[in-house]
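Asks: Sharing a structure, written as structure tokens. Questions coming.
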Amino acid sequence: MSLTEQLITIALCAATTMGTRYLPFLLFPSGKETPAYVRYLGRMLPSAIFALLVVYCLRHVSLTGGSHGIPEILALAVTVGLHVWRRSMFLSMAAGTALYMYLVQAVFPT
């Protein structure tokens with residue numbers, strides 16, 4: 001890329017980032033009530049994204065070969081258990097990821 005193309009790319013990235021940050025405040029000012037569909041999306045999207053992440057992470061797990069999905073099942077159980085117990089998404093995801101990485105590197109190496 002030439003210097004001009006690089007500067008245009010940086011400017012577009014900055015403008016896009018600023019636009020996504022400012023647009024909600026322009027569309028939904030503080031004195032005006034937030035539309036019902038936006039409140040609905042705010043309630044539903046975090047769970048939907050988390051479910052999508054689970055499906056994405058478990059899509060290639062084979063229960064018939066290798067470790068038989070044991071590391072994935074244990075890490076998922078720890079993640080769900082911690083989330084139900086502590087209601088901390090960061091804690092549950094971090095602990096589940098750490099356990100999974102430990103299991104696949106130390107206990108079930110390929």
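The values are calculated or read from the model by the stated rules, or taken from the named source; none is laboratory data. Just so you know, these numbers come straight off a predicted model, no measurement behind them. Ligands, DNA and RNA are stripped out before the accessible areas are found, and what is left, the full protein with its side chains, is counted by its heavy atoms. Shrake-Rupley method; radii C 1.70, N 1.55, O 1.52, S 1.80 Å.
Asks: Once you keep just the Cα pairs under 8 angstrom separated by 6 or more residues, what percentage relative contact order results for the chain? Write down the numbers at each step before the final one.
Replies: Details: 38 pairs, mean separation 16.8, N = 110.
Relative contact order for the chain comes out at 15 percent.
Asks: So how exposed is Ile70, as accessible area in Å² (1.4 Å probe, rounded to 10)?
Replies: Per-residue accessible area (Ile70): approximately 70 Å².
Asks: Now for a separate question. How would Arg39, Arg59 line up by accessible area, probe 1.4 Å, largest first?
Replies: Details: Arg39 100, Arg59 125 Å².
Correct descending sequence by accessible area is Arg59, Arg39.
Asks: Same structure, new question: For the full complex of protein chains and a 1.4 angstrom probe, list Leu3, Leu45 by accessible area with the highest value first. Each step should come with its number before you reach the end.
Replies: Working: Leu3 120, Leu45 85 Å².
Correct descending sequence by accessible area is Leu3, Leu45.
Asks: Per residue, how many Å² of accessible area does the chain show with a 1.4 Å probe?
Replies: Numbers: 8950 Å² over 110 residues.
For the chain, the per-residue accessible area is 81 Å².
Asks: How much of the accessible area of the chain, in percent, comes from carbon and sulfur atoms when a 1.4 Å probe is used?
Replies: Answer for the chain is 71 percent, counting heavy atoms of protein chains only.
Asks: From the mean inverse distance of alpha carbon pairs (Kirkwood) and the Cα radius of gyration, derive Rg over Rh for the range 1-45.
Replies: Values: Rg = 16.3 Å, Rh = 13.0 Å.
Dividing the radius of gyration by the Kirkwood radius yields 1.26.
Asks: Give me the accessible area of Cys13, 1.4 Å probe, in Å² rounded to the nearest 10.
Replies: Here the accessible area works out near 80 Å².
Asks: Average projected area of the Cα convex hull of the range 58-110, in nm²? Show your work: numbers first, answer last.
Replies: Numbers: hull surface 14.3 nm².
Taking a quarter of the hull surface, the average projection is 3.6 nm².
Asks: Which whole-percent values make up P(r) of the chain when all C-alpha to C-alpha distances are grouped in 5 Å steps starting at zero?
Replies: Binned Cα distances yield the sequence 2, 9, 12, 14, 10, 10, 11, 11, 11, 7, 2, 0.
Asks: A further question on this structure: Rank these by accessible area, largest first, 1.4 Å probe: His83, His60, His68. Could you put the intermediate results ahead of the total?
Replies: Values: His83 50, His60 145, His68 95 Å².
Ranked list, largest accessible area first: His60, His68, His83.
Asks: Using only Cα atoms and rounding to the nearest 10 degrees, what angle (0 to 90) does helix 3-27 make with the longest principal axis of the chain?
Replies: Approximately 90 degrees, to the nearest 10.
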